[in-house]
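One structure below.
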Amino acid sequence: MSLTNDQNKALALSGLFECCVLVDSIARNGSCDHDAQNVLIESLFNTNPNHAQDIYSDLHALKKGQQALLGCLGESGVDANPQVLRYALALLHLQQKLSKQSDMLSLIGNKLELASNQVSHFGIDHENVIANLASTYQESISTFNMRIQVSGHARHLQVEHNAAKIRALLLAGIRSATLWRQLGGHRWQFLFGKGKIRKSAKSLNSILI
């Protein structure tokens, strides 16, 4: 199915928000939607898609992200999650900083290549793969002065594998934020062009059912 550029931008934001929804779920509940997690982790390794939507192997996995996006854009009848919005805005800011750091981009690319080899041996959701992606996030994004503070229950956040999944999903969020930028998205559009983004996001309803 061919999407317009505005729909692809809304899809990228849905992917970003889905990552943030999953991070919030792990932090608060100790678990998240496993299938959606896999789709977003897979997106890190899909760097040369034929179409923007091909980055996500299952578009249905972005439904909660789309709903979270709509809620934060003021859609009637859809609850807004302030934590998810905070994470999303922070990732957009961090992605912009990352885009100016060629050495760090190279580091991430090399680390993802190594992780891709692990995926071929162990599978996308193996703890070694997740740990490698978490390490990639720590060695790159976490070195910026601004760091994302994840809120939740200590009993979940102190579990090492949960912390690794959160970092891996934040890295996947950077991937979706990068896609949004590549499609022409800018942070000011999200802040001041909410009506247009909301309309594009709503138009994805029939696709993400």
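The values are calculated or read from the model by the stated rules, or taken from the named source; none is laboratory data. These numbers were taken from a predicted model, which means no experiment stands behind them. Note: ideal-geometry Cβ built from the backbone for every residue, glycine included; neighbour counts use all protein chains shown. For the accessible areas, the whole protein counts, side chains as well, though only heavy atoms, and no ligand, DNA or RNA atoms are used. Shrake-Rupley method; radii C 1.70, N 1.55, O 1.52, S 1.80 Å.
Skip the ligands, DNA and RNA, and give the accessible area per residue of region 1-159 with a 1.4 Å probe, whole Å².
48
What is the calculated FRET efficiency for HIS126 to GLN96, with r their C-beta to C-beta distance and R₀ = 35 Å, to the nearest 0.05?
Rounded to the nearest 0.05, the efficiency is 0.65.
Which far-off residues, 5 or more places away or on another chain, put their amide H under 5 Å from the one on LEU44, with H placed in the peptide plane?
Answer set, sorted by chain and number: none.
Could you estimate the translational diffusion coefficient of region 27-127 from the Stokes-Einstein equation, with Rh from the Kirkwood formula over C-alpha pairs, at 20 °C and 1.002 mPa s, in whole µm²/s?
135
Looking at the calculated P(r) for the chain, what percent of the C-alpha pair distances fall above 32 Å?
The proportion of pairs with Cα distances above 32 Å equals 10 percent.
Which whole-Hz couplings ³J(HN,Hα) result when phi for each residue of region 3-20 is put into the Karplus expression 6.51 cos²θ - 1.76 cosθ + 1.60, θ = phi - 60°, listed in order with x for Gly and Pro?
10, 6, 4, 5, 5, 4, 5, 5, 5, 4, 5, 5, x, 4, 5, 4, 4, 5
Once you put a point 7 Å from the Cα of LEU114 and another 7 Å from the Cα of SER57, both along the Cβ direction, what distance in nm separates them?
Simple spin-label model gives 2.3 nm for this pair.
Report the label-to-label distance for LEU107 and SER76 in nanometres (one decimal), using points 7 Å from each Cα along the Cα→Cβ vector.
In this crude label model, LEU107 to SER76 measures out at 4.9 nm.
Mind ranking 120-131, 50-61 by how tightly packed they are, going by the mean number of other C-beta atoms within 10 angstrom, highest first?
Sorting 120-131, 50-61 by mean packing, highest first, produces 50-61, 120-131.
Show me the trypsin sites (Lys or Arg not before Pro) within region 127-191 that DSSP assigns to loop and that have at most 11 other Cβ atoms within 10 Å of their Cβ.
ARG147
In whole percent, how big is the carbon plus sulfur part of the accessible area of the chain, probe 1.4 Å, protein atoms only?
47
Taking every pair of Cα atoms in region 103-190, average 1/r, invert it to obtain the Kirkwood radius, and report Rg/Rh to two decimals.
Radius of gyration relative to Kirkwood radius: 1.00.
Compute, for region 1-53, the length of the dipole vector about the Cα centre, with Cβ point charges of +1 (Lys, Arg) and -1 (Asp, Glu) only. Units Debye, rounded to 20.
Here the size comes out at about 100 debye.
Would you tally the net charge around ASP35, using a Cβ to Cβ cut-off of less than 15 Å, leaving ASP35 out, and scoring K and R as +1, D and E as -1?
Residues close to ASP35 contribute a combined charge of -2.
Can you bin region 11-63 into rounded, prolate or oblate? Criterion: square roots of the alpha carbon gyration tensor eigenvalues sorted a ≥ b ≥ c, rounded for a/c under 1.5, prolate for a/b above b/c, oblate for the rest.
Taking the square roots of the gyration eigenvalues as a ≥ b ≥ c, region 11-63 is prolate.
Convert each backbone phi in region 48-57 into a coupling constant with the Karplus relation 6.51 cos²θ - 1.76 cosθ + 1.60 (shift: θ = phi - 60°), then list the ³J(HN,Hα) values in order as whole Hz, x for Gly and Pro.
10, x, 5, 9, 4, 5, 6, 4, 9, 5
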